[in-house]
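J.: Here it is: the structure, laid out below.
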Amino acid sequence: MTLQGKDLLGLLHKTESEIEYILDTAVPMKEIISRPLKKVPTLRGRTIVNVFYEPSTRTRTSFELAAKYLSADSVNISGSASSVVKGESLVDTARTVKALGADIIVVRHAMAGAAELMARTVSASVINAGDGAHEHPTQALLDMFTVREAKGTLKGLEVAIIGDITHSRVARSDIWGFSRMGARVRVCGPPTMIPHGIDTMGCKIFDKVEDALEGADVVIVLRIQNERQQQGLFPGLREYANMYGINSKRLGLAAPDALLMHPGPINRGVELTGEVADGQQSLIETQVTNGVAVRMAILYLLAGGGDANVPVD
Ligand code: CP
């Protein structure tokens, strides 16, 4: 089996078998990163360039570590420290990075479609590490990997996504991904943060957070995306926490073995309390660890690896 195309730009067009293939490939990658010496020679001689025009802790670091654990050479470029500030375009940056020798370019950008534009420009593989409010496919893949690891399957699960759906690329990729894998997705947030037509993506919209949480197997809490919204979509952070914040009482409405997840970074006391973030049901740190394994799998597969040679040593 191989992935369709040279790039990973989103999950909208990914098939169930492609998603399963990535998740299956991440299993041996997780074993590698659990070793005291977490390094295999699989991508020796390959060059991976991370081009981040927006801040990131988890995604950028995990791509960098994933490349290093697979013995690839990796380089980071920050938008603010690059020739972008001198006026260089995205297309010219892509061409330059390719000319420098990149085999794979990982890009995060505030503009929806930025990764696709880069992918059309260069022959190198391009991975979308988040483009505006459009998609964040590697986050959704690590979310699915984390749930599958905990529950054994994604099929038939009730997944509740709570928060700022309109401005969230994670919500969009999670809805496509979990639905494609046979889960049922519910969304809930302030009406001003639920985009028109979201039900056409196959998810169910809930007005009251208590109704959305009732019996859910997975609760994915989203951050308020202050950087992507005009002000005034809700009265204030305290009101948001009162109406939609996830606390122990609200989490108690979900299934007794429900998983609590968040892509991070979290705003304690706003979208969730510290008590649930650090509680027994929280998989927030596991998501971060799994992000490295899933990104190793993606780099490996886009570099041409197949099921026959998944690295073990
Ligand atoms: N979840 C996520 O994308 O986190 P970062 O912004 O820290 O990469």
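The values are calculated or read from the model by the stated rules, or taken from the named source; none is laboratory data. If you're wondering where the values come from, they're calculated on a predicted model, not measured in any experiment. Please note: Cβ atoms are built from the backbone with ideal geometry, for glycine as well, and neighbour counts cover all protein chains shown. Heavy atoms of the whole protein, side chains included, go into the accessibility calculation; ligands, DNA and RNA do not. Shrake-Rupley method; radii C 1.70, N 1.55, O 1.52, S 1.80 Å.
J.: How far is it, in nm, from the label point at residue 201 to the one at residue 39 when both lie 7 Å from their Cα along the line to the Cβ?
T.: Calculated label separation equals 4.0 nm.
J.: Given Cα pairs under 8 Å that are at least 6 residues apart, what percent is the relative contact order of segment 114-220?
T.: Working: 174 pairs, mean separation 27.9, N = 107.
Worked out over segment 114-220, it gives 26 percent.
J.: Who wins for biggest fluctuation among 201, 144, 118 in a Gaussian network model of the chain, springs between alpha carbons below 10 Å?
T.: 201
J.: Using only the Cα atoms of segment 153-280, build the gyration tensor, take square roots of its eigenvalues as a ≥ b ≥ c, and label the shape rounded, prolate or oblate: rounded if a/c is under 1.5, else prolate if a/b is larger than b/c, else oblate.
T.: oblate
J.: Let me ask something additional. Can you sort 253, 237 by solvent-accessible area, 1.4 Å probe, largest first?
T.: Descending accessible area places them as 237, 253.
J.: With the cut-off at 1.5 for a/c, could you classify segment 216-303 from its C-alpha gyration tensor as rounded, prolate or oblate?
T.: Here segment 216-303 falls in the oblate category.
J.: At 1.4 Å probe size, with every protein chain present, just tell me what the per residue accessible area of the chain comes to in Å². Kindly include the intermediate steps, with their values, before the conclusion.
T.: Numbers: 13330 Å² over 313 residues.
Normalised by residue count, the accessible surface of the chain is 43 Å².
J.: Moving on. Once you have all Cα-Cα distances for the chain, histogram them in 20 Å bins from zero and send the whole-percent values.
T.: P(r) over the chain, rounded to whole percents: 34, 57, 9.
J.: What are the principal axis extents of the Cα atoms in segment 92-201, in Å, biggest first?
T.: Here the spans come out as 46, 35, 19 Å, largest first.
J.: Quick one: pull the percent of accessible area on segment 6-119 belonging to carbon and sulfur, 1.4 Å probe, ligands and nucleic acids left out.
T.: Whole-percent figure for carbon plus sulfur exposure: 55.
J.: Considering only 270, 292, 219, give the residue with the highest GNM mean-square fluctuation for the chain, with springs between Cα atoms whenever their separation is below 10 Å.
T.: Checking each option, the largest mean-square fluctuation is seen for 270.
J.: Add +1 for every Lys or Arg and -1 for every Asp or Glu among the other residues with Cβ under 10 Å from the Cβ of residue 3, and state the total.
T.: 0
J.: Can you tally the net charge around residue 258? Count Lys and Arg as +1, Asp and Glu as -1, for every other residue whose Cβ sits under 12 Å from the Cβ of residue 258.
T.: -2
J.: May I pose another question? Which whole-number percent gives the relative contact order of the chain, counting Cα pairs below 8 Å spaced six or more residues apart?
T.: 22
J.: Still on this structure, I have one more. Are there DSSP H segments in the chain that both extend 24 Å or more along their axis (alpha-carbon positions) and score a mean Kyte-Doolittle hydropathy of at least -0.5? List them, or say none.
T.: 16-33, 284-302
J.: If you don't mind, another one. Would you mind calculating the gained length between residue 238 and residue 99 on full extension (0.36 nm times residue separation, minus the Cα-Cα distance), in nm to one decimal?
T.: 45.1 nm
J.: OK, next. Heavy atoms only, 1.4 Å probe, whole protein assembly: order 206, 178 by accessible area, highest first. Mind dumping the intermediate values first?
T.: On the way: 206 40, 178 0 Å².
Solvent-accessible surface, decreasing: 206, 178.
J.: Then there's this: If you put +1 on each Lys and Arg Cβ and -1 on each Asp and Glu Cβ, how big is the dipole of segment 171-313 around its Cα centre, in Debye rounded to 20?
T.: On the way: 13 positive and 16 negative charges, 71 e Å.
Approximately 340 debye in magnitude.
J.: Could you tell me the accessible area of residue 121 in Å² (1.4 Å probe, neighbours in place), rounded to the nearest ten?
T.: The value for residue 121 is about 40 Å².
J.: At 222 nm, what helix-only mean residue ellipticity would the chain give, in deg cm²/dmol to the nearest 500, using -39500 (n - 2.57) for each DSSP H run of four or more?
T.: Mean residue ellipticity at 222 nm (helix-derived): -11000 deg cm²/dmol.
J.: Now for a different question. Among rounded, prolate and oblate, which fits segment 1-92 when a ≥ b ≥ c are the square roots of the eigenvalues of its C-alpha gyration tensor, a/c under 1.5 means rounded, and a/b larger than b/c means prolate?
T.: Oblate shape, in that a/c is at least 1.5 and b/c is the bigger or equal ratio.
J.: Hey, if we sort 234, 63 by accessible area with the 1.4 Å probe, largest down, what's the order?
T.: So, going from the largest accessible area down, we get 234, 63.
J.: Out of all DSSP beta bridges in the chain, what portion is antiparallel? Express it as a percent rounded to 5.
T.: Here the antiparallel bridges make up roughly 5 percent for the chain.
J.: For residue 149 paired with residue 31, estimate the spin-label separation in nm (one decimal), with each label point 7 Å from Cα along the Cα-to-Cβ line.
T.: 1.5
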